[in-house]
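Trainee: Before anything else, here's the structure in question.
Since every read-out is calculated from the coordinates, none of them should be taken as a lab result. A quick note: this is a predicted structure, and the numbers were derived from the prediction, not measured. Here the Cβ is made from the backbone with ideal geometry for all residues, glycine too, and neighbour counts use every protein chain on show.
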Amino acid sequence: MSLAQSLTALVLEDHDFQRHSLIRMLNSICMKEIYQASHGVEALEILNSVGKIDLIFCDLDMPKMDGIEFIRHLSRHDSSPSLIISSATDHAIIKSVEKMATEYGVSFLGLLDKPANVKQITELIKKHLSITTVHKADALNFTIEEILEGIEKKQFEPFFQPKIDFKSGLISGAEALARWIHPDHGVIAPYAFIEKLEYAGKIDLLTFQILEKSASACRTWLDRGLNVTVSVNLSLAGLEDPAIVEVITKIAHKAAIEPNQISLEITETAAMTDSGPALEILARLRMRGFGLSVDDYGTGFSSLKQLTRVPFSELKIDQSFVTGCTSDFDLFSIVNSSVEMARALGLKSVAEGIENQEEWDALMDIECNIGQGYFISRPINLENFLKKYTQ
Ligand code: C2E
Ligand code: CA
Ligand code: CA
């Protein structure tokens, strides 16, 4: 099966011969769908009507709307295709366009020589598949044996989504979100494996792999002058054996980072536990200096009393309340009172799922502490994270 089979591409090129020859090459590697445009306006129309496009091959020098202007429009578009610049323009210009695209938050994949060649295209597609998450968990039904084999082979990696401090506008941390970099299927989202691992009682194996890689990433950030925390999701299913405290402490120690550089996110539902061992583990982790966060807050109907039983340091308001909160007064009330409650309890408030400027401004107005969401960035791999946030 060709890796490219599930992908759609848009070729934006004013020169007929160049456009047709690139399309012929893309056809030869069996892409799902290929759209073409000879100028930026037409490309934007296609993008608006098709919705999801995976790859855009973009020339820079074109009539009507040039490639640079097109990239600016692309950055405001809901979908986030990978951008490949194919241009014979001077290298210095291409470099500065590349920088501009990255600053605008467009996912820049690389350059394609002119004339194009199939080998280079295949490499770029491979790169796209290694950084872009496929949400086709339903279509890909992995067995628990396959998942465990992937863990054994260390194919799971954290992607990082930045958390931004509202007051300073600076990055204050990143959440590590597990991705399976599958050799045949590309990047697989958590829905395809978390539940199965929990059900099989094997979620700890994943937790430790993600923790180790996240701690080591955090060490790299520190070494490059970026002093921010890393947040890792902890499953309740793993909170039975008190030995986990030692394992987690050792992981931080091995990566040469302090426990306070790591925050552990526990869902509200899990945090309401009455289990003695779980409460003991959480208290001990906090005592050692790890941050503790109530994740998905608002979905679990916890009482104030239950919330104060665990020494949390942060409260994350679930995205189902944040996304769309500016056009729904009920959602906004829930978000507002959650921020107030976090303040009253001395916890940092985090809003996840911020998707646009209005939502960002609304959260800033009610003095929420930290924001996270597609508006700032999707989760990205370590390489891209380093490119974006370190020198
Ligand atoms: P979560 O902890 O609530 O993580 C936030 C999810 O929302 C992530 O999905 C993230 O990509 C997505 N998201 C972020 N910003 C936005 C936005 O603006 N709009 C929308 N619509 N979505 C946004 P993802 O990466 O698919 O993870 C799904 C869930 O899988 C996570 O939800 C978490 O519960 C679980 N998970 C991920 N990694 C791990 C892990 O290492 N261990 C465990 N136990 N669970 C994990
Ligand atoms: Ca989380
Ligand atoms: Ca959530």
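Trainee: Which of rounded, prolate or oblate describes the range 1-74 when judged by the alpha-carbon gyration tensor and an a/c cut-off of 1.5?
Mentor: Since a/c reaches 1.5 but b/c is at least a/b, the shape of the range 1-74 is classed as oblate.
Trainee: First check a/c for the range 159-200, with a ≥ b ≥ c the square roots of the eigenvalues of its C-alpha gyration tensor; if it is under 1.5, answer rounded, and if not, answer prolate when a/b is larger than b/c or oblate otherwise.
Mentor: Oblate, because a/c is 1.5 or more while a/b does not exceed b/c.
Trainee: Where Rh is the Kirkwood radius over the Cα pairs of the chain, the temperature 25 °C and the viscosity 0.890 mPa s, what D in µm²/s does Stokes-Einstein return?
Mentor: In µm²/s, the coefficient is 109.
Trainee: Among Asp296, Asp223, Asp78, which one shows the highest mean-square fluctuation when the chain is modelled as a Gaussian network with alpha-carbon springs under 10 Å?
Mentor: Greatest mean-square fluctuation among the candidates belongs to Asp223.
Trainee: In addition: Using θ = phi - 60° and the Karplus relation 6.51 cos²θ - 1.76 cosθ + 1.60, list the HN-Hα couplings for the range 193-206 in order, rounded to whole Hz, with x at every Gly or Pro.
Mentor: 9, 4, 4, 5, 5, 5, 4, 7, x, 10, 5, 4, 4, 5
Trainee: Related question: First check a/c for the range 312-391, with a ≥ b ≥ c the square roots of the eigenvalues of its C-alpha gyration tensor; if it is under 1.5, answer rounded, and if not, answer prolate when a/b is larger than b/c or oblate otherwise.
Mentor: Note, shape of the range 312-391 comes out oblate.
Trainee: Kindly work out what percent of the DSSP beta bridges joining two residues of the chain are antiparallel, to the nearest 5.
Mentor: Here the antiparallel bridges make up roughly 25 percent for the chain.
Trainee: For Tyr199 and Leu345 in the same chain, what is the full-extension length gain: residue separation times 0.36 nm, less their Cα-Cα distance, in nm?
Mentor: Here the answer is 49.2 nm.
Trainee: Using a simple spin-label model with points 7 Å from Cα along the Cα→Cβ vector, what separation in nm is obtained for Ile93 and Arg24?
Mentor: The two pseudo-label positions are separated by 2.7 nm.
Trainee: Beta carbons within 10 angstrom, averaged per residue: use that to sort the peptides 213-219, 304-310, highest first.
Mentor: 213-219, 304-310
Trainee: Let me ask you something else. Zone of Met364 (label point 7 Å along Cα→Cβ, backbone N under 20 Å): which residues in the range 74-114?
Mentor: 75-77, 103-106
Trainee: Return the equivalent ellipsoid semi-axes of the range 255-391 as a descending list in whole Å, where each equals the square root of 5 times an eigenvalue of the C-alpha gyration tensor.
Mentor: 25, 22, 12
Trainee: Which entries in the list Lys153/Lys254; Lys119/Lys153; Lys64/Lys95; Lys154/Lys213; Lys52/Lys163; Lys99/Lys119 go over 18 Å, if you measure between the two C-alpha atoms of each?
Mentor: Beyond 18 Å: Lys153/Lys254; Lys119/Lys153; Lys64/Lys95; Lys52/Lys163; Lys99/Lys119.
Trainee: Given the options Pro162, His128, Asn117, identify the residue whose Cα lies farthest towards the positive end of the charge dipole of the range 114-179 (+1 on Cβ of Lys, Arg; -1 on Cβ of Asp, Glu).
Mentor: The residue sitting farthest along the positive end of the dipole is Asn117.
Trainee: Go through Leu304, Phe108, Ile354 and say which Cα lies farthest out towards the positive end of the charge dipole of the chain; charges sit on Cβ, +1 for Lys and Arg, -1 for Asp and Glu.
Mentor: Phe108
Trainee: Right, something else. Starting from the Cα-Cα distance between Asp16 and Asn227, subtract it from 0.36 nm times their residue separation and give me the gain in nm to one decimal.
Mentor: Extending this stretch completely gives an extra 71.0 nm.
Trainee: Quote the convex hull volume per residue of the range 41-189, based on C-alpha atoms, as a whole number of Å³.
Mentor: Normalising the Cα hull of the range 41-189 by residue number yields 160 Å³.
Trainee: In addition: Show the residues, 5+ positions off or on another chain, whose built amide H is closer than 5 Å to the amide H of Gln36.
Mentor: Counting only residues 5 or more places away or on other chains, the set is Val11.
Trainee: Once you put a point 7 Å from the Cα of Phe301 and another 7 Å from the Cα of Glu149, both along the Cβ direction, what distance in nm separates them?
Mentor: 4.3 nm
Trainee: Is there a quick way to get the dipole size of the range 1-128? I mean about its Cα centre, with the Cβ of Lys and Arg at +1 and of Asp and Glu at -1; what is the value in debye to the nearest 20?
Mentor: Roughly 420 debye for the range 1-128.
Trainee: Taking the Cβ of each residue in Glu268, Glu358 as the centre, tally the other Cβ atoms inside 10 Å and list the residues starting with the fewest.
Mentor: Sorted ascending by nearby Cβ count, the order is Glu358, Glu268.
Trainee: Here is a further query. In deg cm²/dmol, rounded to 500, what helix-only [θ] at 222 nm does the chain give when every DSSP H run of at least 4 residues adds -39500 (n - 2.57) and the total is split over its residues?
Mentor: Rounded to the nearest 500, the figure is -13000 deg cm²/dmol.
Trainee: Turning to a different aspect of this structure: Could you give the length gained by full extension between Lys254 and Glu33, i.e. 0.36 nm per residue of separation minus their alpha carbon distance, to one decimal place?
Mentor: 74.8 nm
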